[in-house]
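Trainee: Here's a structure for you.
The values are calculated or read from the model by the stated rules, or taken from the named source; none is laboratory data. Source: prediction; values computed, not measured. Reconstructed Cβ throughout: ideal geometry from the backbone, glycine too, with neighbour counts over all protein chains shown. To get the accessible areas, we keep the full protein, side chains included, count just its heavy atoms, and leave off ligands, DNA and RNA. Shrake-Rupley method; radii C 1.70, N 1.55, O 1.52, S 1.80 Å.
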Amino acid sequence: MNSIRSGQIVLGLILGVALGAGGMWRFTRSAAHSHLTDSSAAHVEDECEQEHADEHGHDHEDEHADGPLLLSDQAVRDNGIEVVAAAGGEIEQTLTLPGEIVLNADRVAHIVPRVAGIVRRVDKNLGDEVAAGEVMAVLESRELADVKAAYLAAQQRLALAEANQKSAAELHAKKIMPDLEFLTIEKARAEAEIEFQAAANKLHALGVTELRLQDTATQATSLVLYELQAPFAGTVVDKHCALGEVLDSTTDAFVLADLSTVWATISVYPQDVPRVRVGQPVRFRAAGDDATATGTISYLSPVANETSRTVSARVDLPNADRRWRPGMFVTATISLDRVPVPVLVPRAALQRVKGAPVVFVAEGAGFEPRAVSIGRENGTCVEIVDGLRPGERYAAQGAVMLKAELGKREAVHEH
């Protein structure tokens, strides 16, 4: 009985070992198969990703994507690229303001008749050049005729009084005429002379010159004619004078201006007034024209305009060629100060790539876009604070073409 039970136990152990070994074999084979499957899938996936990257070029850097822009010498010349060495200089601090050309108020004459009269002749028209003393129009004036008549009468009375005084002096010297009678004749002569001078002064006040007085005395001219004469050489810029028109001392018959000089008035805004001073140089450019001029501020108004609140600055401009016409709008650039800087480049050399300022630096046979930091600037130059050292060569002109070439290269690289 015991031997039978022992045999059963041994047989059970043998079967258990056999079944366990079979299970382990199946588990190991399954795990190996799973590992091979995962490895194969990963390998296939890597190959697909590699092919996709090779096809679209996203994971492989183009050997031409970085590095300087390569240009031939001929291309550099054809595109007007000018390469210079970076250097320092003085940057001009400027202020640009609007302005206007106006007449030189010191050389403008409003020609008005000093007596009322009717226009009988007009010798000058708008735009005519007039010499100093030249007759511009002739009026017929009753008032002038009365003054001239009084002058001629006073002249005759003076002549008669002088003749009487001369005869009385001879008689008084011979003791023939009493002293009292002689003094009476002397008094009459003095009064006649005073009256004559008063009449002459009235004619002078009416603009009649000494030469015209002599003509009046000899009656070489009509008593009623009054001449409007130019006080200086200039151009007729306004006219209110026509044949038959009645003029008086309140009427501007002509406006005469000397256009050989004009004023440029600059409107200075309130925030800029502390920076503007008399003596500062100014450059002018005409609106819509290539006319330019330079001058110096000669006057700064102490009073602001009540409407615009601006302060007027004035510059005297020579205008011998009549190029600056009153009424023209101009742009005024005031030079405020000049500051030395270590690196100064033309504005044309500075470009913006992806929003950042860059300068194209010459590297071997090409150009490298280098980011820079800028400081002070004006209309023509820019201070480089960082990114470009003195002596380094860069594209001072033609940088815009280099920027275009850079954009083309980046577009090709993206695709």
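Trainee: Kindly check whether there is at least one residue in the stretch 281-298 that is out of contact with any strand residue (DSSP E or B) (no Cβ under 6 Å at 6 or more places or on another chain), surrounded by fewer than 18 Cβ atoms within 10 Å (Cβ to Cβ), at negative phi and of a type in the set (S, T, N, Q).
Mentor: So far as the stretch 281-298 goes, no, none of its residues is out of contact with any strand residue (DSSP E or B) (no Cβ under 6 Å at 6 or more places or on another chain), surrounded by fewer than 18 Cβ atoms within 10 Å (Cβ to Cβ), at negative phi and of a type in the set (S, T, N, Q).
Trainee: For residues that are in contact with a Leu (Cβ under 9 Å, 6 or more places away or on another chain) and assigned to a loop (DSSP other than H, G, I, E, B), scanning just the stretch 210-232, find the one that is modelled with the lowest pLDDT.
Mentor: For the stretch 210-232, the residue satisfying everything is 219.
Trainee: Still on this model: Could you give me the residue pairs with C-beta distances under 6 Å whose first residue belongs to the stretch 344-368 and is closer than 11 Å to residue 397 by Cα, whose second residue is open to solvent by 30 Å² or more (accessible area, probe 1.4 Å) and in a loop (DSSP other than H, G, I, E, B) wherever it lies, and which are 6+ apart or on separate chains?
Mentor: Listed pairs, sorted by first residue: 347/380.
Trainee: Would the stretch 149-165 turn up any residue that is modelled with pLDDT of 85 or more, surrounded by 12 or more Cβ atoms within 10 Å (Cβ to Cβ) and either under 51 Å from the mean Cα position of the chain (by Cα) or closer than 26 Å to residue 244 by Cβ (or both)?
Mentor: Checking the stretch 149-165: at least one residue is modelled with pLDDT of 85 or more, surrounded by 12 or more Cβ atoms within 10 Å (Cβ to Cβ) and either under 51 Å from the mean Cα position of the chain (by Cα) or closer than 26 Å to residue 244 by Cβ (or both).
Trainee: Determine which member of the set 272, 252, 289 is under 30 Å from residue 120 (Cβ atoms) and charged (D, E, K, R).
Mentor: Matching residue, one of 272, 252, 289: 252.
Trainee: For residue 383, state whether it is touching an Asp or Glu at 6+ places or on another chain (Cβ under 7 Å) and not small (Gly, Ala, Ser).
Mentor: It is true that residue 383 is touching an Asp or Glu at 6+ places or on another chain (Cβ under 7 Å) and not small (Gly, Ala, Ser).
Trainee: Just checking, how many residues over the stretch 175-202 are open to solvent by less than 50 Å² (accessible area, probe 1.4 Å) and outside any helix (DSSP H, G or I)?
Mentor: Number of matching residues: 1.
Trainee: Based on what the data block shows, is residue 296 closer than 24 Å to residue 108 by Cα, within 15 Å of the chain's Cα centre (by Cα) and not in a helix (DSSP H, G or I)?
Mentor: Numbers: closer than 24 Å to residue 108 by Cα: yes; within 15 Å of the chain's Cα centre (by Cα): yes; not in a helix (DSSP H, G or I): yes.
So residue 296 fits the description; yes.
Trainee: Looking at the stretch 124-168 only, could you name the residues that are hydroxyl-bearing (Ser, Thr, Tyr) and farther than 30 Å from residue 185 by Cβ?
Mentor: 141
Trainee: Cβ-Cβ distance below 8 Å, separation of 6 or more or different chains: which pairs start in the stretch 229-246 with a residue that is under 15 Å from residue 140 (Cα atoms) and end on one that is in a loop (DSSP other than H, G, I, E, B)?
Mentor: Listed pairs, sorted by first residue: 229/133; 229/134; 229/207; 241/253; 246/116.
Trainee: Among the residues in the stretch 142-155, are any in contact (Cβ under 8 Å) with a residue 12 or more places away in the chain and in a strand (DSSP E or B)?
Mentor: No, the conditions are met nowhere in the stretch 142-155.
Trainee: Is it true that some residue in the stretch 353-375 is under 24 Å from residue 103 (Cα atoms), modelled with pLDDT of 90 or more, β-branched (Val, Ile, Thr) and open to solvent by less than 20 Å² (accessible area, probe 1.4 Å)?
Mentor: no
Trainee: Let me ask something else about it. Given the conditions (1) small (Gly, Ala, Ser); (2) in a helix (DSSP H, G or I); (3) within 49 Å of the chain's Cα centre (by Cα), and given that residue 127 satisfies all but one, which numbered condition is not satisfied?
Mentor: (2)
Trainee: Examine the stretch 241-257 for a residue that is closer than 22 Å to residue 205 by Cβ, in contact with a helix residue (DSSP H, G or I) (Cβ under 8 Å, 6 or more places away or on another chain) and either open to solvent by 60 Å² or more (accessible area, probe 1.4 Å) or part of a loop (DSSP other than H, G, I, E, B) (or both), and state whether such a residue exists.
Mentor: No - not one qualifying residue is present in the stretch 241-257.
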